[in-house]
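So the structure is just underneath, and the comments pick up after that.
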Amino acid sequence: MLRVLSNRLLVLILLVTGIVILLLVQVIPGFQLIVITVTPPKRTISIIEPTPTSPIKPTVIITTSVITPPSNEALEYARTYLEFKVDREFYKLGDKVKITIINHGDKTIEMTNPPWAIYKYTGKDWVKVYTPPCRVKTTVVFDIKKGREVEMVTHETITIKPECSVSWVWNLKVYGELVTPGRYAITLRDDIFIKVNGKSFRMLRIGGLVRSNLEEPIVYFTVEES
């Protein structure tokens, strides 16, 4: 008789405990119920979480895979209306390459300065050999916390009006060393800022050292032995 009463009391306690836990899960936001299922010799832990009542925060995913940049109005304008040009098709080691970018569209475009990178063809893929450092400028801004003006270093940009151009000169050197002879190409750099008609686009492609093909705008040239 005593054993029967003990069993009934145990069942009652378990039933009440279960009801209390279910009420806590439903009533208290963020309450987690951890269920441990023991299956000798392994232990499995399952976590039952109620649906959060607050909005889910956006998630940032960083990937090192090479992907096609997303479509964007500013980027599409650059691909469609910008043209890269060099002053010659063939160069000797020691020559200087004049790189020009022309805006053939009807809108003004603002870009990272310089906006280009150099790739070399290996016979199968294009390998990035040089991305020039972004030029910087110093501006004076008012710091509210400090209560005074402070100098801030920011990346410099270039502005190209319709049917206008901007040029740079490259000495065929990468970090002080001349490049080797071969087939080269110039295209937009992986880390670039573009702004057209007040709409801006910023791209940072990670893992773009080797590409099977290059995207417009592109210009090709050959470097030969001197």
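Condition check ((1) within 25 Å of the chain's Cα centre (by Cα); (2) part of a strand (DSSP E or B); (3) modelled with pLDDT of 95 or more) across all residues:
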residue: Val166; (1), (2), (3): no, yes, yes
residue: Val169; (1), (2), (3): no, yes, yes
residue: Ala185; (1), (2), (3): yes, yes, yes
residue: Met203; (1), (2), (3): yes, yes, no
residue: Ile206; (1), (2), (3): yes, no, no
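Failed condition for Leu178, given (1) at pLDDT 95 or above; (2) closer than 23 Å to His155 by Cβ, with all others met? In the conditions (1) at pLDDT 95 or above; (2) closer than 23 Å to His155 by Cβ, Leu178 misses (2) alone. For segment 153-165, the criterion of a residue being free of Cβ contacts under 8 Å to residues at least 40 places away in the same chain and out of contact with any Phe, Trp or Tyr (no Cβ under 7 Å at 6 or more places or on another chain) is satisfied by at least one position. Mind checking which residues of segment 138-153 are surrounded by 10 or more Cβ atoms within 10 Å (Cβ to Cβ) and more than 27 Å from the chain's Cα centre (by Cα)? Selection gives Val141, Asp143, Glu149, Val150. Inclusion of Phe221 among residues that are part of a strand (DSSP E or B) and within 21 Å of the chain's Cα centre (by Cα) is not warranted.
Here is a yes/no grid of residues against (1) touching a Phe, Trp or Tyr at 6+ places or on another chain (Cβ under 8 Å); (2) in contact (Cβ under 8 Å) with a residue 12 or more places away in the chain; (3) farther than 17 Å from Pro114 by Cβ; (4) not β-branched (Val, Ile, Thr):
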{"position": "Leu188", "(1), (2), (3), (4)": "yes, yes, no, yes"}
{"position": "Asp191", "(1), (2), (3), (4)": "no, yes, no, yes"}
{"position": "Lys199", "(1), (2), (3), (4)": "no, yes, yes, yes"}
{"position": "Arg211", "(1), (2), (3), (4)": "yes, yes, yes, yes"}
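Inclusion of Tyr130 among residues that are surrounded by 12 or more Cβ atoms within 10 Å (Cβ to Cβ) and in contact with a Lys or Arg (Cβ under 7 Å, 6 or more places away or on another chain) is not warranted.
Residues checked against (1) surrounded by 13 or more Cβ atoms within 10 Å (Cβ to Cβ); (2) within 24 Å of the chain's Cα centre (by Cα); (3) modelled with pLDDT of 95 or more:
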residue: Asn72; (1), (2), (3): yes, yes, no
residue: Glu76; (1), (2), (3): yes, yes, no
residue: Leu82; (1), (2), (3): yes, yes, yes
residue: Tyr91; (1), (2), (3): yes, no, yes
residue: Gly94; (1), (2), (3): no, no, no
residue: Asn103; (1), (2), (3): yes, no, yes
residue: Lys107; (1), (2), (3): yes, no, yes
residue: Asn113; (1), (2), (3): yes, yes, yes
residue: Ile118; (1), (2), (3): yes, yes, yes
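If Cys134 passes every condition in (1) modelled with pLDDT of 95 or more; (2) within 18 Å of the chain's Cα centre (by Cα) but one, which one does it miss? Condition not satisfied by Cys134: (1).
The number of residues in segment 171-183 being more than 15 Å from Leu214 (Cα to Cα) and assigned to a strand (DSSP E or B) comes to 5.
The values are calculated or read from the model by the stated rules, or taken from the named source; none is laboratory data. These numbers come from a predicted model, not from an experiment. Neighbour counts are summed over all protein chains in view; Cβ atoms, including those assigned to glycine, are modelled from backbone coordinates with ideal geometry.
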